[in-house]
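Quick notes on the structure that follows.
The values are calculated or read from the model by the stated rules, or taken from the named source; none is laboratory data. A quick note: this is a predicted structure, and the numbers were derived from the prediction, not measured. Cβ placement follows ideal geometry from the backbone for every residue including glycine, while neighbour counts extend to all protein chains displayed.
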Amino acid sequence: MADKAKEKKGIWNWIDNIQGDKVIWMIVLLLIMISIIAIFSSTSMLSTSTVSRFDIFKEQLFIVALGLGIILACYFIPKIWIFRVLSQFGFAISAGMLLMLLGHISTVEINGAVRAIRIGGLQLNVYEFVKVGMILYLSWAVHAYKTDELWIANRLAKRFKFLEFIGRPGWKRIIYIHFPILFVCLCVLAGSFSSAMFIGAMMFATIIIGGIPFKDILYVGFIAVIAIISSYGIYKISGGKVFKRWGTVEKRIERFFSPQPADELKEGTVEWNEYIDNMRQPEGAKLAIREGGLTGKGPGRSTQKYAVALMFSDYMFSFILEEYGLLGAFVMIVLYVSLLARGSIIVRNCDNTYAKTAVAGLVILISGQAMMHMYINVGLGPLTGQTLPMVSHGNSSFLAFSIAFGVLLSISKMAKKKVEQQAEMAGPLVDHSDDDIRAGLDDLDQLESMDSFDEVSNG
């Protein structure tokens with residue numbers, strides 16, 4: 001018994017010694033466990049004569065291992081300034097990957113859309129990394145702007161007379177904050193309207209949290225709206241040859257608000273087959289939700305995974321509802337809401353703008369995408385292709401969010417150390433010696449003894 005107690009104590013000591021926010025550690029590990037189980041159960045329909053379910057499962061385990069490695073690599077970064085230095089390259093990397101897409105350099109077409117590039121043996125969805133990269137970059141840009149650490153602009157303004165204007169605060173915001181946001185939004189818009197809207201919203205949320213003047217945000221928003229309208233106009237004028245994804249947007253909106261009845265189409269035609277394919281997935285997802293009930297069908301008993309081609313990715317929440325019911329869905333919602341709550345606690349403990357903005361932006365990104373995925377899965381909006389963070393099948397999404405969780409855990413570790421150091425430096429409110437404390441306790445004991453004696457006497 002003593003050995004067991006000692007072993008248990010050792011385990012608890014190991015848990016206590018884990019640095020960083022323990023709740024976020026628990027959330028990310030639970031999400032990974034759910035992902036492994038759900039993907040193994042939902043990918044039987046992917047099996048072919050050449051690719052088995054176990055091949056797919058092994059691939060997922062490899063990505064999970066790689067993602068955990070990324071989380072730990074970020075977690076063990078010892079200083080916040082290292083993150084600030086690395087975050088400076090977030091826009092450059094994002095812009096480079098987006099330009100590769102636009103230039104069709106090492107691109108991969110998936111379901112008729114060009115959103116991925118091939119680097120080495122990995123196929124990377126550019127938009128997934130742009131989300132995280134731009135939030136980290138904007139966190140650095142806002143921090144550097146507020147602390148006047150934009151040394152390139154300052155140096156050029158001092159050295160060259162004709163560049164003096166870039167040393168002014170307004171121009172610094174335009175160069176380092178406004179232009180990157182507009183550039184990324186326009187590049188993403190060329191390939192995906194929904195992704196451009198979501199990424200743009202996340203970037204705006206980040207700079208609002210960072211404290212950029214609201215007037216400036218309105219200016220950028222106005223320009224972004226003009227750019228969107230202009231791109232749609234170019235699409236129409238060019239006959240659909242430029243900004244081709246607007247065609248997909250039109251079809252999805254039309255399909256969502258005015259679905260074409262099947263009896264108006266002739267069976268066997270291209271239009272009829274397209275209609276069936278377009279209706280099968282959302283209707284199958286809704287059916288999965290209805291069949292799940294309170295407790296679900298149980299692990300591995302989903303039937304809609306055979307009808308919905310993207311059940312393991314775009315409709316993962318529907319799959320969880322079918323196999324685990326409303327209880328499983330409730331667990332997922334609690335995990336993402338808890339992440340949001342813990343993020344707010346970490347933000348309060350951070351002592352600089354970069355850390356506060358990065359944590360808030362990343363937490364909103366993860367939770368926001370999760371809520372959007374759930375919202376669409378229950379039929380309240382058209383399909384946008386947003387995955388369920390750390391759960392849905394998708395190598396790029398898992399790796400990108402691994403970076404996000406790694407940064408969150410690392411900053412939470414640094415924030416906790418800062419709080420502990422401040423607590424140690426702060427002295428007690430009232431300084432008492434040991435003798436004074438003992439004397440006070442003796443007086444308290446005497447007083448209690450007298451009270452007890454009086455009660456007995458009165459009785």
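Details
- Checklist (1) in contact (Cβ under 8 Å) with a residue 12 or more places away in the chain; (2) assigned to a loop (DSSP other than H, G, I, E, B) applied to residue 104, failing item: (1)
- Test for residue 320: is it at pLDDT 65 or above, among the β-branched types (Val, Ile, Thr) and either over 16 Å from residue 394 (Cβ atoms) or out of contact with any helix residue (DSSP H, G or I) (no Cβ under 6 Å at 6 or more places or on another chain) (or both): no
- Within the option set 174, 181, 135, being within 20 Å of the chain's Cα centre (by Cα), closer than 20 Å to residue 222 by Cα and β-branched (Val, Ile, Thr) holds for one residue only, 181.
- For region 190-199, the criterion of being over 17 Å from residue 219 (Cβ atoms), modelled with pLDDT under 90 and in contact with a Ser or Thr (Cβ under 6 Å, 6 or more places away or on another chain) is satisfied by at least one residue.
- In region 59-87, the residues that are surrounded by fewer than 18 Cβ atoms within 10 Å (Cβ to Cβ) reach residues that are of a type outside the set (Ser, Thr, Tyr) with C-beta atoms within less than 7 angstrom, at least six apart or across chains, in these pairs: 66/399; 73/406; 77/83.
- Of the candidates 177, 152, 166, the single residue that is part of a helix (DSSP H, G or I) and either touching an Asp or Glu at 6+ places or on another chain (Cβ under 7 Å) or closer than 22 Å to residue 407 by Cβ (or both) is 177.
- Leading residue by the ranking (farthest from residue 330 (Cα to Cα)) among those in region 388-409 that are crowded, with 24+ Cβ neighbours inside 10 Å and among the β-branched types (Val, Ile, Thr): 407
- The single condition from (1) crowded, with 21+ Cβ neighbours inside 10 Å; (2) out of contact with any Gly (no Cβ under 7 Å at 6 or more places or on another chain) that residue 185 fails is (2).
- For residue 403, the stated conditions do not hold, so it cannot be described as assigned to a helix (DSSP H, G or I), among the β-branched types (Val, Ile, Thr) and at pLDDT below 60.
- The lone exception for residue 125 - which of (1) of a type in the set (S, T, N, Q); (2) more than 24 Å from the chain's Cα centre (by Cα); (3) surrounded by 19 or more Cβ atoms within 10 Å (Cβ to Cβ) it fails: (2)
- Selection status of residue 238, crowded, with 19+ Cβ neighbours inside 10 Å and of a type in the set (S, T, N, Q): no
- Residues (under 15 Å from residue 138 (Cβ atoms) and in a helix (DSSP H, G or I)) located in region 64-89: 83, 84, 86, 87
- Residue satisfying all of: in region 355-385; among the hydrophobic types (A, V, I, L, M, F, W, C) and in a loop (DSSP other than H, G, I, E, B); farthest from residue 337 (Cα to Cα) among these: 383
- For residue 168, the conditions (1) surrounded by fewer than 16 Cβ atoms within 10 Å (Cβ to Cβ); (2) in contact (Cβ under 8 Å) with a residue 40 or more places away in the chain are fulfilled apart from (2).
- Members of region 200-245 found to be within 30 Å of residue 136 (Cβ to Cβ) and modelled with pLDDT under 75, listed by number: 243, 245
- Residue under evaluation residue 130, criteria (1) touching a Ser or Thr at 6+ places or on another chain (Cβ under 9 Å); (2) more than 24 Å from residue 350 (Cα to Cα); (3) at pLDDT below 95, criterion not met: (3)
- Unique match (being loosely packed, with under 14 Cβ neighbours inside 10 Å, part of a helix (DSSP H, G or I) and of a type outside the set (S, T, N, Q)) among 131, 158: 158
- Qualifying residue in region 335-352 (condition: under 23 Å from residue 60 (Cα atoms), in contact with a helix residue (DSSP H, G or I) (Cβ under 8 Å, 6 or more places away or on another chain) and in a helix (DSSP H, G or I)): yes
- Taking the criterion of being farther than 23 Å from residue 396 by Cα and among the acidic types (Asp, Glu), the residues of region 128-149 that qualify are 148, 149.
- Residue satisfying all of: in region 1-47; of a type in the set (S, T, N, Q) and part of a helix (DSSP H, G or I); modelled with the lowest pLDDT among these: 44
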